[in-house]
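Take a look at the structure set out below.
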Amino acid sequence: MADAAVHHDIAGVYEPSLFGTYSKKIGMWLFLASDSLTFGALLFAYSYGRVSNPSWPTPFGKESIINATIMTACLLSSSLTMVLGVLAAHRGDKIRTRNWLFATMFFGAAFVLLHGMEWSKLIHEGMTPFTNPWAPSVPQFGGTFFTLTGMHMLHVTIGVIYLGVVALRKKFLPVLLLLWLIGWLATPASNVFHLGVHVLLIGAVVAAMVLFLHPKDYDSHDVEVSGLYWHFVDLVWMFIFPLVYLMSTRV
Amino acid sequence: MASTEIVHAHAAPQGFIRKYVFSLDHKVIGLQYYFLALIAVFVGMGLSLLMRIHLIWPTASLPIFGDIKPETYLMFVTMHGTIMVFFVLTTAPQGGFGNYFLPIQIGAPDMAFPTLNMLSFWTTFVAFVVLIAAFFVGAPLHGWTGYAPLSAVPSSGPGEGLGADLWITSIALFCAASLMGALNFITTTLDMRAKGMSMMRMPLTCWAWFITAILGLLAFGVLAAGGILLLMDRNLGTSFFVPGGLNFTGQTSFPPGGFSPSTDLVKHNGGSPLLWQHLFWFFGHPEVYIAIVPGMGVASQLLSTFSRKPIFGYRAMVYAMLAIGILGFVVWGHHMFMSGMSPYSAFAFSIMTMAIGVPSAIKTFNWIGTIYKGRVRFHTPMLFAIGFVSLFVSGGLSGPFLAQPVLDIPLHDTAYVPGHFHLIMGVAAIFGIFAATYYWFPKMFGHMMNETLGRWHFFITLVGTYSIFMPMHYLGMAGQPRRYSQLTEVAYLHPLIPLNRFMTYAAIVTIAGQFIFLFNLFWSMAKGRKAADNPWEATTLEWTTATPPPHDNFGGRTPVVNHGPYEYSVPGAPRDYVMQNDPATAPVH
């Protein structure tokens, strides 16, 4: 993104900005406001479907809940490492910043991997966007589950790519392409992620466009802005986990 | 990151492509939006003409489309509504004039995120191309509101297959473009104001664009979610919006033994069409303010400038716009009184809706207070600003009627509702666009528009649009339904046909009048009288810079603002207007 906003660093030429902050940060907050409305609408659709179907299935047993709890722990840990990364960036400690970003990406990737395995398991058990084995008369169960968690998984994936670009810049592109190739080869052709992994390829193309058309050094502000996005994605999960998983526990 | 010298974020571009096609300059992007809207408005207007002609001469064969079937008529309805709402009323006032003049009016060299701005325009452009492509595969029938289940089941009618997919794709792209634009506008307003330009010194146009951007930011995200769910219903077999037991097989009578679930019925169940209505109108109601609020800003600016008086109640105007914006998010249910909602919900939505009358009335009285005892100069932009107020009042007065469930239920599916929203959201907003065009044309193109042609255009359009849309209220009360393509088939509508014929003649005259505007626009660009830097003797910052403005808007310097936006006829001042960047003077008592 370009930097007409550089100007207001010069005292006396412009009015002081909102909360003394910089444009990119305001822009990200605004994007998150809008994105929260999008997720809000999806959660509304889920709740609407749920309350209007009295026989909503509750299929998640111990195994699923343990898995989802580990995923939650991954995301919570990633928020901590992200905060440490931002603090290191503000201190100007480039090495530590990079390492904390790697840790955050690791937890994010672990989340996506665990979630993908769980999706595969549910699909194997016969769940699709329009039907499920537990309550065939409630097709909304599969639809809302895959929409909500899929949209969230997409956000986490984009977040990992975003952090990778901030941490490694152009050096991240081969890593990303490698991840794409591994993902593609490791999933059997019948698995939904054999197709879904191409999100990484699209991400690599977009990241390459940004990196080559607009080459620049990423500073502590960029780390902070990417952190805002990351924390938001974590926060969304803190709504999805109880609403979708804990409320559908098989007891 | 911080450099100490003031340099523009990006150098003036060289070469045609970077300068006029993929430009980062907010002024070029503003003009791109404006001309996109100009193309769109003529397409949308052509469709409205076809509809009016078909209503009067139902058997006449039309060029290109041939004999008009009811579904062809509904296709016109859908495309007219979608093009007008999204690509004209949302695009021209905000994307066009907002882009061009928001940075200049607050003293900024450009938008906060120029690249995002360019992406926003080109995404809008692609969205428009995708929408127009729907014409060639059979456009959808479901209206601009895309009500499910018609929109959610591809087999529900002609045009609901690929055409509807293209329609939703276009809307989704438009959502993305609007989000990019909205966060850019808000950030620019909050972060890029010149020294001295406090929020309460911003021209009301800037306030209007700022509030419109907030509405867009919060509303389009919800439409995007609705669009995702709709696409999944159509293509992945989910049933968010499709209830069970639907039959789209063309069987009109109930067969013995019932419809066969395997062959006759749509394979969905358990979904709710009302969910789509909630998601759509949560976006849809703020959307009508996205269309009209920039017009309010322009009217305020122009009435003050051409009456040579400060705006009456500046703060009240700002708070009224904010109140309209906030209330706009809690009234979506008034579009759904017909859906069988609980009377208690309907009551709450009804009260909230009527509450919007209060800030609207504040604005109207302030506009009248502004011109009262002013030395009014009746230039063409002023005529259109007065026309805006007139249409805003006429169209707004039917609002409190429709806000009441007991009146809305009999009126909702009649021509009364199109009469209401065309006056206030359609024509009033268009008058705002015309006023802005005549007002800022000298700054944008360096020439004045022709006043005589402008006056002809104004009077034809004002009388013409009232002649088209006022009778719609009467037709609605007389029971003429909306969306009927032929009135001749229904006996009780026969006495209403002469009035409909009058409306069609009025539409033909009004549309002919728009070609005066088109001619004036392009003729004045080349042959119009050369414009001075400040031809209207106005006060805001865009009139302090060269005509047309240089690449960085103020030629390497940044203005310092010492005055409010509307200091006209200040006692003791040497001229009857004090520009915002004039030197600060001791207050005169």
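So for the stretch B:231-254 (the condition being outside any loop (DSSP other than H, G, I, E, B), facing chain A (nearest Cβ under 9 Å) and either of a type in the set (A, V, I, L, M, F, W, C) or surrounded by 24 or more Cβ atoms within 10 Å (Cβ to Cβ) (or both)), does at least one residue qualify? So far as the stretch B:231-254 goes, yes, one or more of its residues are outside any loop (DSSP other than H, G, I, E, B), facing chain A (nearest Cβ under 9 Å) and either of a type in the set (A, V, I, L, M, F, W, C) or surrounded by 24 or more Cβ atoms within 10 Å (Cβ to Cβ) (or both). Return the residues of the stretch B:54-73 that are modelled with pLDDT under 90, farther than 13 Å from B:Thr504 by Cβ and either of a type in the set (Ser, Thr, Tyr) or over 30 Å from the mean Cα position of the chain (by Cα) (or both); say none if nothing qualifies. Residues satisfying the conditions are B:Thr59, B:Ser61, B:Gly66, B:Asp67.
Among the numbered conditions (1) assigned to a loop (DSSP other than H, G, I, E, B); (2) farther than 22 Å from B:Gly143 by Cβ, the only one that B:Gly464 does not meet is (1).
Scanning the stretch B:564-578 for residues being surrounded by fewer than 19 Cβ atoms within 10 Å (Cβ to Cβ) and not in a strand (DSSP E or B) gives a total of 9. Scan the stretch B:163-177 and give yes if some residue there is buried (at least 21 other Cβ atoms within 10 Å of the Cβ) and polar (S, T, N, Q), otherwise no. For the stretch B:163-177, residues buried (at least 21 other Cβ atoms within 10 Å of the Cβ) and polar (S, T, N, Q): present.
With respect to (1) part of a helix (DSSP H, G or I); (2) surrounded by fewer than 19 Cβ atoms within 10 Å (Cβ to Cβ), the lone exception for B:Gln14 is condition (1). Consider A:His115 carefully, then state whether it is away from chain B (no Cβ under 14 Å) and touching a residue at least 24 places away in the same chain (Cβ under 8 Å). It is true that A:His115 is away from chain B (no Cβ under 14 Å) and touching a residue at least 24 places away in the same chain (Cβ under 8 Å). Of the candidates B:Phe329, B:Phe378, B:Phe306, the single residue that is part of a helix (DSSP H, G or I) and in contact (Cβ under 8 Å) with a residue 60 or more places away in the chain is B:Phe306. Can you tell me which condition B:Met472 does not meet? The list is (1) touching a Pro at 6+ places or on another chain (Cβ under 7 Å); (2) farther than 18 Å from B:Leu423 by Cβ, and all the others hold. All conditions are met except number (2). Remark: B:Thr465 falls outside the filter, which requires a residue to be among the β-branched types (Val, Ile, Thr) and out of contact with any helix residue (DSSP H, G or I) (no Cβ under 8 Å at 6 or more places or on another chain).
Of all the residues in the stretch A:50-63, those that are touching a residue at least 12 places away in the same chain (Cβ under 8 Å) and either more than 7 Å from chain B (Cβ to nearest Cβ) or aromatic (Phe, Trp, Tyr) (or both) number 8. Taking the criterion of being more than 7 Å from chain B (Cβ to nearest Cβ) and under 18 Å from A:Thr249 (Cβ atoms), the residues of the stretch A:133-147 that qualify are A:Pro133, A:Trp134, A:Ala135, A:Phe141, A:Gly142, A:Thr144, A:Phe145. Contact annotation: residue pairs with Cβ atoms under 8 Å, 6 or more positions apart or on different chains, pairing a residue in the stretch B:198-226 that is assigned to a helix (DSSP H, G or I) with a partner that is of a type in the set (Lys, Arg), are B:Met199/B:Arg193; B:Met200/B:Arg315.
In the stretch B:127-162, which residue that is crowded, with 24+ Cβ neighbours inside 10 Å and within 14 Å of chain A (Cβ to nearest Cβ) is nearest to B:Ile17 (Cα to Cα)? My answer is B:Ala152. Please pick out the residue among A:Val233, A:Val197, A:Val225 that is more than 15 Å from A:Met151 (Cα to Cα), touching a residue at least 12 places away in the same chain (Cβ under 8 Å) and crowded, with 18+ Cβ neighbours inside 10 Å. Result: A:Val225 is the single residue among A:Val233, A:Val197, A:Val225 that is more than 15 Å from A:Met151 (Cα to Cα), touching a residue at least 12 places away in the same chain (Cβ under 8 Å) and crowded, with 18+ Cβ neighbours inside 10 Å.
For every residue, the table says whether it meets (1) closer than 30 Å to B:Met197 by Cβ; (2) in contact (Cβ under 8 Å) with a residue 40 or more places away in the chain; (3) in contact with a Gly (Cβ under 8 Å, 6 or more places away or on another chain); (4) surrounded by 15 or more Cβ atoms within 10 Å (Cβ to Cβ).
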{"position": "B:Gly464", "(1), (2), (3), (4)": "no, yes, yes, yes"}
{"position": "B:Tyr492", "(1), (2), (3), (4)": "no, no, yes, no"}
{"position": "B:Gly513", "(1), (2), (3), (4)": "no, yes, yes, yes"}
{"position": "B:Thr558", "(1), (2), (3), (4)": "yes, yes, yes, yes"}
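Those helices (runs of 4 or more DSSP H) of the stretch A:166-251 in which 1 or more residues are of a type in the set (Phe, Trp, Tyr) and under 19 Å from the mean Cα position of the chain (by Cα) occupy A:172-186, A:192-196, A:220-240.
Scan the stretch B:253-281 for residues that are among the hydroxyl-bearing types (Ser, Thr, Tyr) and modelled with pLDDT of 80 or more and the total you get is 1.
Residues that are of a type in the set (A, V, I, L, M) and either surrounded by fewer than 21 Cβ atoms within 10 Å (Cβ to Cβ) or within 16 Å of A:Thr144 (Cβ to Cβ) (or both) within the stretch B:219-230 comprise B:Ala225, B:Ile228, B:Leu229, B:Leu230, listed in sequence order.
Looking across B:Thr91, B:Thr124, B:Thr72, B:Thr82, one residue alone is surrounded by fewer than 23 Cβ atoms within 10 Å (Cβ to Cβ) and more than 14 Å from every other protein chain (Cβ to nearest Cβ). It is B:Thr72. Just one of the listed residues (B:Ala112, B:Ala108) is under 19 Å from B:Leu204 (Cα atoms) and in a loop (DSSP other than H, G, I, E, B), and it is B:Ala108.
The values are calculated or read from the model by the stated rules, or taken from the named source; none is laboratory data. Owing to the predicted nature of the structure, the values given are computational and were not obtained by experimental measurement. A quick note on method: Cβ atoms are made from the backbone with ideal geometry, for glycine too, and the neighbour counts reach across all protein chains shown.
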